[in-house]
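Note sheet for the following structure.
Since every read-out is calculated from the coordinates, none of them should be taken as a lab result. Everything numeric here is computed off the predicted structure, so don't read it as measured data. Cβ: placed from backbone, ideal geometry, glycine included. Neighbour counts: every protein chain shown.
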Amino acid sequence: MAKPFRCLTVFGTRPEAIKMAPLVLELRACSELETLVCVTAQHREMLDQVLELFGIVPDFDLDVMQHGQTLTGITTRALAGLDNVLAQVCPDLVFVHGDTTTTFVGALAAFYRQIPVGHVEAGLRSGRKYAPYPEELNRKLTGVLTDLHFAPTASARRNLLAENVTPAGIFVTGNTVIDALRYTVRENYRFTREELNSLPVEKRLVVVEVHRRENLGEPLEAICRALRRLVLEHTDIFMVFPVHKNPAVREPIIRHLRGLERVLLLEPLDVNDFHNLMHKATLLLTDSGGIQEEAPSLGRPVVVLREVTERPEAVEAGTVAIAGVQEEGIVTLVTRLLRDAMLYKRMAAAVNPYGDGQASARILAAVRWHFGLCRERPEDFAAARQSG
Ligand code: UD1
Ligand code: UDP
């Protein structure tokens with residue numbers, strides 16, 4: 001029998017896939033909704049790793065990725081492809097996630113066909129047009145096109161209210177990335193990447209991931225110089241660095257860090273390996289957004305290699321610290337954390353400002369309410385501090 005409502009989820013990069021996968025599984029389990037998946041494949045290998053792990057076979061694959069792709073190139077290829085898909089599928093609701101080019105284009109394509117948009121991870125703001133670039137504007141533009149805003153936290157909700165979004169359209173759900181951790185993190189996990197099963201146990205594990213466009217050029221050079229100094233100065237650390245596929249990111253990292261003792265440069269890890277590596281780490285150094293949300297719930301301190309963050313909750317909770325992108329500032333902060341046991345212990349307290357693992361269930365409840373399939377509007381997620 002045909003299901004009464006049809007949803008189309010649209011995503012294209014690694015983080016969107018990780019954060020949409022639990023929602024796709026939740027929506028698919030609902031007997032009243034038909035759920036289709038369209039990937040733009042703005043990322044290829046890094047997207048496919050996630051799809052395979054969660055057993056998701058897309059109904060549509062636009063395969064837009066090109067090496068050295070420009071923002072305009074992704075935008076035009078994805079917009080044309082998505083319009084065809086929307087014409088074929090005629091969904092009742094289109095889900096997009098976060099702040100990538102795929103996110104904005106997915107919302108725009110749906111708007112052009114007057115189809116309602118649900119924005120997962122809505123309301124994050126740095127307040128700076130070019131930090132992060134182009135994500136801050138992607139999420140603002142997506143917000144304007146959105147009907148159902150799934151804000152991960154109360155602070156994201158406040159950002160939306162400050163932009164005059166109708167309160168009835170905002171649902172505080174927690175972040176679906178915390179749902180994803182429930183699928184991946186295991187005690188006694190055995191890594192698929194064999195080298196990770198024999199890391200030196202006597203060393204402190206420092207995991208690094210950097211890739212942001214606004215860090216390309218001098219900021220990334222400075223980050224690499226700082227990492228090199230840290231590894232040479234602290235002989236008790238072992239650095240594992242899965243390097244993003246972007247060639248503009250890879251070149252300086254390889255130039256500064258390849259061949260150093262106690263540094264393991266790897267291809268991007270599948271999300272099972274990466275989450276379990278984070279779980280084993282002493283410290284995470286990153287400009288990634290998702291990692292800032294996952295690590296606090298695993299009780300792992302994060303040093304953010306950016307000037308600002310749109311994720312203030314974990315900074316307020318004390319588990320995330322912003323180092324900036326100057327060599328000296330990064331070395332100073334990381335050195336303090338490695339030497340000051342009290343400071344480290346304070347930062348390593350597990351907190352869950354970003355979710356309780358039920359975000360996808362709340363989003364489904366909100367969608368059912370929106371379609372008139374239930375009478376009760378779901379309750380908002382409220383973060384509680386946990387000791388760990
Ligand atoms: C994109 C998002 C960014 C997100 C990041 C997550 C935009 C503008 N940027 O940035 O918000 O934080 O993904 O990782 O939407 N590449 C591959 N294989 C892959 C993936 C990428 O070879 O599986 C290479 C390609 O050469 C590609 C380049 O990386 O041209 C850049 O990819 P792109 O999606 O444009 O930018 P990211 O920096 O990955
Ligand atoms: N991640 C992964 N493999 C890696 C590095 C990161 O699976 O080698 C995961 C990480 O756990 C997080 C997500 O990728 O869930 C973050 O994606 P990314 O850093 O590419 O983008 P951002 O979150 O900054 O948009």
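Using the structure shown, list the pairs from LYS3/LYS140; LYS19/LYS203; LYS203/LYS280; LYS19/LYS345; LYS19/LYS245 with a Cα-Cα distance above 21 Å, or answer none. Result: LYS3/LYS140; LYS19/LYS203; LYS19/LYS345 exceed 21 Å. Placing unit charges on each Cβ (+1 for Lys and Arg, -1 for Asp and Glu) gives the chain a dipole about its Cα centre, and among THR153, VAL94, THR335 the Cα reaching farthest toward its positive end belongs to THR335.
Here the mean projected area of the convex hull built on the C-alpha positions of segment 281-357 is 4.6 nm². Annotation: the residues TYR183, TYR130, sorted from fewest to most other C-beta atoms within 10 Å of their own C-beta, follow the order TYR130, TYR183. Rounded to the nearest 0.05, what FRET efficiency do GLN326 and THR166 give with R0 = 45 Å and r taken as the Cβ-Cβ distance? Could you check? Given R0 = 45 Å and the Cβ-Cβ separation, E is 0.60. Counted over all Cα-Cα pairs of the chain, pairs farther apart than 26 Å make up 50 percent. Most tightly packed first, judged by the mean number of other beta-carbon atoms within 10 Å of their residues, the peptides 217-225, 55-63 read 217-225, 55-63. Taken about its Cα centre, the chain carries a charge dipole of about 540 debye when Lys and Arg each add +1 at the Cβ and Asp and Glu each add -1 at the Cβ.
Extension gain, ARG186 to GLU267: 0.36 nm times the residue separation minus the Cα-Cα distance gives 27.0 nm. Electrostatic tally near PRO4: other residues with Cβ closer than 13 Å to its Cβ, Lys and Arg +1, Asp and Glu -1, net 0. Shown here are the Rg and Dmax of the Cα trace of segment 33-100, at 12.4, 38 Å. Between ALA382 and ILE254, the C-beta separation translates, for a Förster distance of 45 Å, into a calculated FRET efficiency of about 0.50. Percent of Cα pairs in segment 45-145 per distance bin of 10 Å, from zero to the largest separation: 14, 43, 37, 5. Rounded to the nearest Hz, the phi-derived 3J(HN,Hα) couplings of segment 317-330 under the Karplus curve 6.51 cos²θ - 1.76 cosθ + 1.60 (θ = phi - 60°) are 6, x, 9, 10, 10, 8, 9, x, 10, 9, 3, 5, x, 5, where x marks glycine and proline.
Loop-located GluC sites (Glu not before Pro) in segment 99-179 (DSSP state not H, G, I, E or B) with no more than 12 neighbouring Cβ atoms inside 10 Å: GLU163.
Kirkwood hydrodynamic radius computed over segment 322-388 comes to 15.5 Å, based on all pairs of distinct alpha carbons. For a label point 7 Å from the Cα of GLU316 along Cα→C-beta, name the residues of segment 255-298 whose backbone N is under 20 Å from it. It comes to 289-298, nothing else. The order of MET20, MET65, going from fewest to most other C-beta atoms within 10 Å of their C-beta, is MET65, MET20.
Net charge near GLN42, counting Lys/Arg +1 and Asp/Glu -1 over other residues with Cβ under 11 Å of its Cβ?
Around GLN42, the charge tally is +1.
Put simply, when 32-45, 202-215, 342-355 are sorted by average Cβ atoms within 10 angstrom per residue, most first, you get 32-45, 202-215, 342-355.
GNM on the chain, alpha-carbon springs under 10 angstrom: the most fluctuating residue among HIS67, HIS149, HIS97 is HIS67.
Placing a pseudo-label 7 Å from each Cα along the Cα-to-Cβ vector at TYR130 and ASN197 gives an inter-label distance of 4.8 nm.
Taking every Cα-Cα distance in segment 79-208 and sorting them into 10 Å bins from zero, the calculated P(r) comes out as 12, 33, 25, 18, 11, 2 percent. Each label point was placed 7 Å from the Cα along the Cα-to-Cβ direction; for ASP236 and ARG28 their separation is 4.7 nm. Near the amide H of THR35, within less than 5 Å, lie the amide hydrogens of CYS7, all on another chain or at least 5 residues away, with H placed in the peptide plane. Per-residue ellipticity at 222 nm computed for the chain from its helices equals -13500 deg cm²/dmol, with DSSP H segments shorter than 4 residues left out and the rest contributing -39,500 (n - 2.57). The GluC sites (Glu not before Pro) of segment 301-386 that DSSP puts in a loop, and whose beta carbon has at most 11 other beta carbons within 10 Å, are GLU376, GLU379.
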